[in-house]
1. On the accessible surface of segment 19-134, probed at 1.4 Å, how many percent belong to carbon and sulfur atoms?
2. Which value in nm describes the separation of the simple spin-label points at Ser119 and Asp103, placed 7 Å from the Cα toward the beta carbon?
3. Asp73's amide H: which non-local residues (gap 5+, or another chain) put their own amide H closer than 5 Å, with H modeled 1.01 Å from N in plane and none for Pro or chain starts?
4. When only alpha-carbon atoms count, how far does segment 21-101 stretch along each of its three principal axes, as whole angstroms with the largest first?
5. Check the straight Cα-Cα distances from Lys69 and name the aspartates and glutamates below 17 Å, setting aside those fewer than 8 residues away within the same chain.
6. Residue-wise, which Karplus ³J(HN,Hα) couplings in Hz belong to segment 101-117, taking 6.51 cos²θ - 1.76 cosθ + 1.60, θ = phi - 60°, and x for glycine or proline?
7. Taking the alpha-carbon set of segment 69-132, what are its Rg and Dmax in Å?
Amino acid sequence: MAGFGAKAYQSVAVQTAVGSADPHRMTLLLYDGAIEAIRLGRAHLEARRVAAKCNAIGKALRIVAEGLKPSVDQKAGGELADRLIYLYDYITMRLLQANLRNDSNALEEATKLLTDLRSAWAQIAPGGPQGASQAKAPEAAAGTTHPAAASAAGVRTAGARTALRT
């Protein structure tokens, strides 16, 4: 029962943040939610809590597949949008593999990719300096052999705002 108060407070804080978030902030919240769900999934995996692990990784999967991926505007984003969608598909595949195989390395890779994408997205805040939008996109593909991740590493954040509906 002691955890109930903390969970209720956290729920209200998240609902307040979501209710007042602009589209750019909403994307950051989605990244944060997916990263946190993966962190919980890894903790449950290590503790051998199978059902809780499945729920946490399932939440991360839903955030990527139903939140982040649909927010990409393919018409406006062109090649960058295509690469981003391909990268989200790759992350989804790695999360599924992690869940099925109890693969903590796959969880680590998904976390790194999402963390790098989140960092790049945070640097292109609305109304921010244009210099930040010229920064190189995260080297999200480091250490991976998947073509989607490899091609995404060369993408620049200058077109990221266009690729994502904001």
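The values are calculated or read from the model by the stated rules, or taken from the named source; none is laboratory data. What you see is a predicted model, and the numbers here were worked out from it, not measured in a lab. For neighbour counting, all protein chains shown are included, and Cβ atoms are generated from backbone atoms with ideal geometry for every residue, glycine included. Only protein heavy atoms, including side chains, enter the accessible area calculation; ligands, DNA and RNA are left aside. Shrake-Rupley method; radii C 1.70, N 1.55, O 1.52, S 1.80 Å.
1. Details: 3130 of 5890 Å².
Solvent-exposed carbon and sulfur of segment 19-134 make up 53 percent of the total.
2. So the label points at Ser119 and Asp103 sit 2.3 nm apart.
3. Placed amide hydrogens put Leu164, Arg165 under 5 Å from Asp73.
4. 44, 28, 13
5. By straight Cα distance, Lys69 reaches Asp32, Glu79, Asp82, Asp89, Asp116.
6. Along segment 101-117, the couplings run 9, 6, 9, 5, 5, 5, 5, 4, 5, 4, 4, 4, 4, 5, 5, 5, 5 Hz.
7. Rg and Dmax of segment 69-132, Cα atoms, are 14.1, 44 Å.
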